[in-house]
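The values are calculated or read from the model by the stated rules, or taken from the named source; none is laboratory data. What you see is a predicted model, and the numbers here were worked out from it, not measured in a lab. Neighbour counts run over all protein chains shown; Cβ positions are idealised from the backbone, glycine included. Heads up: the accessible areas ignore ligands, DNA and RNA and are worked out on the full protein's heavy atoms, side chains in. Shrake-Rupley method; radii C 1.70, N 1.55, O 1.52, S 1.80 Å.
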Amino acid sequence: MSIDHRCSAIVEVMMETPSLAQVRRVLERTLIVTGGELTAAMWDQISALRAVSGPVTMLELDVPSEVQKIDHANGPYRSMSNDAQVQVVDESGDATGGILLWVEDGRLITLEYYWYTDDPPLELPTVDRIVCATSR
């Protein structure tokens, strides 16, 4: 297989969009890790998620505008009660990246999966790999 074919195969894998069920599980875990209990508005938005698009590292979320809004300013979602950050860890417990949820007009609009490794992730982490890291 030539390098060109290998590169295009990698790009195709990166372009595979995760299932809505996977995205919902990651959203739920991320919100729990950052703030504890999910509010009714958070549950409504997770349940109402219609579609996702984009690479796994920057998924755009299609949440209907009529769904109950989250009481949060525009920008990255942060819990009002703590300074928790959401990290993704490997099987050894070492941080390999993290997750940010972006809010605009009270709606979850983007799931950003950033990485510390040389290569970007090709799929969403499993929920057991999503943990809380409190900044000092």
Starting from the Cα-Cα distance between Cys132 and Arg24, subtract it from 0.36 nm times their residue separation and give me the gain in nm to one decimal.
37.1 nm
Unit charges at the beta carbon, dipole of the range 51-136: most positive-side option, Gln68, Cys132, Pro121:
Gln68
Can you send over the solvent-accessible area of Glu91, 1.4 Å probe, protein chains only, in Å² to the nearest 10?
150 Å²
Could you pull out every residue, at least 5 positions away or on a different chain, whose amide H is within less than 5 Å of the one on Ile70? Hs are placed 1.01 Å off N in the peptide plane, and Pro or chain starts have none.
Arg107
Under 5 Å from the placed amide H of Trp115, counting only residues 5+ away or on other chains, we find Gly98
Phi-derived 3J(HN,Hα) across the range 90-105 with the Karplus relation (6.51, -1.76, 1.60, θ = phi - 60°), rounded Hz, x for Gly and Pro, is 8, 4, 8, x, 7, 5, 10, x, x, 10, 10, 10, 10, 10, 9, 6
